[in-house]
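First the structure, in the form of structure tokens, and then the observations on it.
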Amino acid sequence: MLSLLRNHTRTIPPLTKLGYASLDQYDQHTNMDLLAIIRKTIQLTNEHSVRSNKRTDAFHHEIGKLVISWNPSWTYTIEHAVPIPCGRSKKYKADIAFFDPTAKLVAVVLAKCSMNNISQNEANLDNVKIGECVKVRSGNPEVKIYCLDIIPVRRPYYFKDGSIKHWETTDIEKDRESSKGWLTMMQAVKPPLVDDKFVIYTNNEYPTPDTVVCTSIADSADFDRFRNTILAMRPTP
């Protein structure tokens, strides 16, 4: 297992060798990388479907590669869809799993990229995440569990025939407060079902009912917090 994980570790040279004069410039670079990942995910959605495995695999894999690139001295390895112990014998494939140099599982990220009918599916999405967290936690009491959601500020609500019923919009501040309430509930048990939750908002355009284009990250506060949280997991040299 350890040799397999090492094959997915990427070494990044110092910032100056990458052409960045400051950490601020590098921050802009990683934000642009996130935007590129979202655009790629949406492109695959346009080509296949919202439930496409190609779309999901690309999203998780690219987020994992981005996390590895955040620090030249990163010593963890990151894998997508790795079976991890759950309870007595069952194994659950985590979206993104973090391992230390000894191949010990230290953190799991459950990542979602939702683009439509969110008001209808919000409760179901949360229930799915709760179920996933229970599976991970049942066999891994000390592992960190993080939820990462990417949601457009404005998105279509579709009828079953594919026509748009209406457009939904998000009040970011109210939505963030709602997320805090969900997080508090998930942290109420010990060990907590979730250690933290991050919601990244995007600006999307919909030229046709079947085509989505992501134009920008509407609010990157949680992305910055997500990056800082993951970087804080680095082992002390």
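The values are calculated or read from the model by the stated rules, or taken from the named source; none is laboratory data. Note that the structure is predicted; figures quoted are calculated from it, not measured. All Cβ positions, even for glycine, are placed from backbone atoms using ideal geometry, and neighbour counts span all protein chains on display.
Some observations on this one:
- Of everything in the range 54-69 that is among the small types (Gly, Ala, Ser) and in a helix (DSSP H, G or I), the residue that is surrounded by the most Cβ atoms within 10 Å (Cβ to Cβ) is 64.
- The residue that is nearest to the chain's Cα centre (by Cα), among those in the range 144-181 that are polar (S, T, N, Q) and crowded, with 16+ Cβ neighbours inside 10 Å, is 179.
- Entry remark, the range 153-169: residues being of a type outside the set (A, V, I, L, M, F, W, C) and either modelled with pLDDT of 90 or more or touching a helix residue (DSSP H, G or I) at 6+ places or on another chain (Cβ under 8 Å) (or both) number 3 in total.
- Restricted to helices (runs of 4 or more DSSP H) entirely inside the range 118-237, those with at least 3 residues that are without any contact (Cβ under 8 Å) to a residue 24 or more places away in the chain and at negative phi are 118-139, 172-186.
- Tally of residues being modelled with pLDDT of 80 or more, within 20 Å of residue 125 (Cα to Cα) and either surrounded by fewer than 16 Cβ atoms within 10 Å (Cβ to Cβ) or within 15 Å of the chain's Cα centre (by Cα) (or both) across the range 21-53: 4
- Filter result for residue 89 (surrounded by fewer than 20 Cβ atoms within 10 Å (Cβ to Cβ), more than 18 Å from the chain's Cα centre (by Cα) and at pLDDT below 75): yes
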